[in-house]
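A.B. asks: Once you've had a glance at the structure underneath, I'll fire off some questions.
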Amino acid sequence: MKSAQSIKELQQLVVNQIAEEAEKIGKTNPVNLYQPIDYTLNMGGKRLRPVMLLLACDLFSGDVQNALPAAIAVEVFHNFTLLHDDIMDHAEIRRNMPAVHKKYSENVAILSGDAMSIKAYQYLLTVDHPNIQEVTRLFSKTAIEVCEGQQYDMDFETRLDVSIDDYLEMIRLKTAVLIAGSFKMGALLGNASQEDAERLYQFGINLGLAFQLQDDLLDVFADQDKFGKKTGGDIIANKKTFLLLQALAIANREQKAELQDWIDRKEFNPEEKIDAVKNIYIDLKLQHISQQKSNEFYQKAMEEIDTINVHSDRKQAIIKLAQMIMKREK
């Protein structure tokens, strides 16, 4: 298959399987537990992480169909994290639709999310492969690291001593390890060597860092309709993003005082705060600086995939997917 067609075909394979699983889940009792899961899985999305897993499996000539339940497990787990993230971040919109906790309730979203995390393991354990034990260990390690990253993210909201290195470690855990884990799980199910599986993991880590840096950038500067969620949320929540930390590092005294004032305020007009902080970012040319940092990690990812012991033609689909991720609409 050609690379562009391969991505589309694998996306469609995942979409069809998720639709089938969501339909079954939606008919399960108790309805109030399973209906929000059906709603979540039908909200759409590009299904990037399961496609990463399947592309990695295919890279090493593995059985993509056999790896499909693992891909579904990754997508169900990812969506579970979004359910709980939206509660913690007080986010009202997800993929231009009401977040689960707004459509139903916080208690429902918490419990349905819990059920999704368990269902992810149920899907994973239906895979028949000699490496399934190692894949499950990696999945579990990845899952706990995502939770660690989310905790750091929340801790940073009230900490005054967060460094850029702290931030990078936080997004490595919160975002990059799931991307890296998806690639490595696919590689293991494709019977890759340990060395190549690890190289693909490092490719995923660097791609994930580049992805999250860009995501933080889009949270401030994106067109909300194209981005799929309300912009400015990181500013409202005083998230210690690369943008804020870099601003505090390079701002002049007046800009730093204004930033600190907005951070310290307990009561404020949200739109006024977003506009004020965004204007400081623009004055400091942080859109360019942040994009440059994202590009550095993307280049490291490209260097990692170049070392994988597979013919370059077979790598084109994964490279194309990485390019697609980094060209999301602003």
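The values are calculated or read from the model by the stated rules, or taken from the named source; none is laboratory data. Quantities reported herein were computed from a predicted structural model and do not represent experimental measurements. All Cβ positions, glycine included, derive from the backbone under ideal geometry; neighbour counts span all protein chains shown. Protein only, heavy atoms only, side chains kept; ligands, DNA and RNA dropped before computing areas. Shrake-Rupley method; radii C 1.70, N 1.55, O 1.52, S 1.80 Å.
A.B. asks: Please list log₁₀ I(q)/I(0) at q = 0.12, 0.22, 0.26 Å⁻¹ for segment 203-266, using the Debye equation with identical point scatterers on the alpha-carbon positions.
C.D. replies: Log10 I(q)/I(0), no solvent term: -0.37, -0.97, -1.11.
A.B. asks: Compute the length gained on full extension between residue 288 and residue 110: take 0.36 nm times their separation in residues and subtract their Cα-Cα distance, giving the result in nm to one decimal.
C.D. replies: Full-extension gain reported as 60.3 nm.
A.B. asks: Just from the alpha-carbon atoms, what are the Rg and Dmax of segment 72-144 in angstroms?
C.D. replies: 14.0, 43
A.B. asks: So, one more: Kirkwood hydrodynamic radius, segment 243-286, all distinct C-alpha pairs: what's the number in Å?
C.D. replies: 10.5
A.B. asks: How far apart, in nm, are two points set 7 Å out from the Cα along the Cα-to-Cβ line at residue 125 and at residue 258?
C.D. replies: In this crude spin-label approximation the distance works out to 5.6 nm.
A.B. asks: Could I ask something else about it? Let me cross-check residue 123: its accessible surface, 1.4 Å probe, with only protein heavy atoms counted, in Å² to the nearest 10?
C.D. replies: 30
A.B. asks: In percent, how large is the relative contact order of segment 76-212, given Cα pairs closer than 8 Å and 6 or more residues apart?
C.D. replies: Computed value for segment 76-212: 20 percent relative contact order.
A.B. asks: While we're looking at this one, here's another question. Rolling a 1.4 Å sphere over the protein heavy atoms, what is the accessible area per residue of the chain, to the nearest Å²?
C.D. replies: Accessible area per residue: 47 Å².
A.B. asks: What whole-number distance in Å separates the alpha-carbon centres of segment 229-250 and segment 147-209?
C.D. replies: 20
A.B. asks: Could you tell me the largest-minus-smallest coordinate of the C-alpha atoms of segment 285-326 on each of the three principal axes, in descending order and whole angstroms?
C.D. replies: 40, 18, 8
A.B. asks: Would you mind checking which residues have amide H under 5 Å from residue 94's amide H? H placed 1.01 Å from N; only 5 or more apart, or other chain.
C.D. replies: For residue 94, whose amide H was placed from the backbone, the distant partners under 5 Å are 99.
A.B. asks: Right, something else. Roughly how many nanometres apart are two label points built 7 Å out from the Cα toward the Cβ at residue 326 and residue 266?
C.D. replies: Result: 4.5 nm between the two label points.
A.B. asks: Still on this model: Place the peptides 231-239, 140-148 in order of packing, highest mean first, counting for every residue the other Cβ atoms within 10 Å and averaging per peptide.
C.D. replies: 231-239, 140-148
A.B. asks: Right, next: Compute the orientation-averaged projected area for the chain from the convex hull of its Cα atoms and round it to one decimal in nm².
C.D. replies: So the Cα hull casts an average projection of 16.2 nm².
A.B. asks: Along each of the three principal axes of the Cα atoms of segment 199-330, give the extent in whole Å, ordering the values from largest to smallest.
C.D. replies: 56, 31, 21
A.B. asks: Expressed as an acute angle from 0 to 90° and rounded to the nearest 10, what is the orientation of the C-alpha long axis of helix 3-26 relative to the principal long axis of the chain?
C.D. replies: 90
A.B. asks: Further, regarding this structure: Would you mind putting 105-115, 267-277 in packing order, based on average other-beta-carbon counts within 10 Å, highest first?
C.D. replies: Descending packing order for the listed peptides: 105-115, 267-277.
A.B. asks: Next question. Mind checking the full-extension length gain between residue 230 and residue 248? Use 0.36 nm per residue of separation minus the Cα-Cα distance, one decimal, nm.
C.D. replies: Taking 0.36 nm per residue and subtracting the Cα distance, the gain is 4.1 nm.
A.B. asks: Quickly work out the residue 191-to-residue 12 label distance, labels modelled 7 Å from Cα along the C-beta direction, and quote it in nm with one decimal.
C.D. replies: 2.8
A.B. asks: Taking the Cα atoms only, what angle lies between the long axis of helix 177-189 and the longest principal axis of the chain, rounded to 10 degrees?
C.D. replies: It works out to around 10 degrees.
A.B. asks: Determine how many Å³ per residue the convex hull of the Cα atoms of segment 150-268 encloses.
C.D. replies: 122
A.B. asks: Which angle from 0 to 90°, rounded to the nearest 10, does the C-alpha axis of helix 106-124 make with the longest principal axis of the chain?
C.D. replies: Rounded to the nearest ten degrees, it is 30.
A.B. asks: Same structure again: Please work out the Kirkwood hydrodynamic radius for segment 7-127, using every pair of different C-alpha atoms, and report it in angstroms with one decimal place.
C.D. replies: Its Kirkwood hydrodynamic radius stands at 14.5 Å.
A.B. asks: Let me ask something additional. Given the rule -39500 (n - 2.57) for each run of at least 4 DSSP H residues, summed and divided by the residues of the chain, what is its mean residue ellipticity at 222 nm, to the nearest 500 deg cm²/dmol?
C.D. replies: Mean residue ellipticity, 222 nm, calculated: -24500 deg cm²/dmol.
A.B. asks: So, how do all the Cα-to-Cα distances of segment 14-71 break down into 10 Å bins, in percent, from 0 on up?
C.D. replies: Per 10 Å bin, starting at zero, the Cα-Cα P(r) for segment 14-71 comes out as 24, 42, 26, 8, 1 percent.
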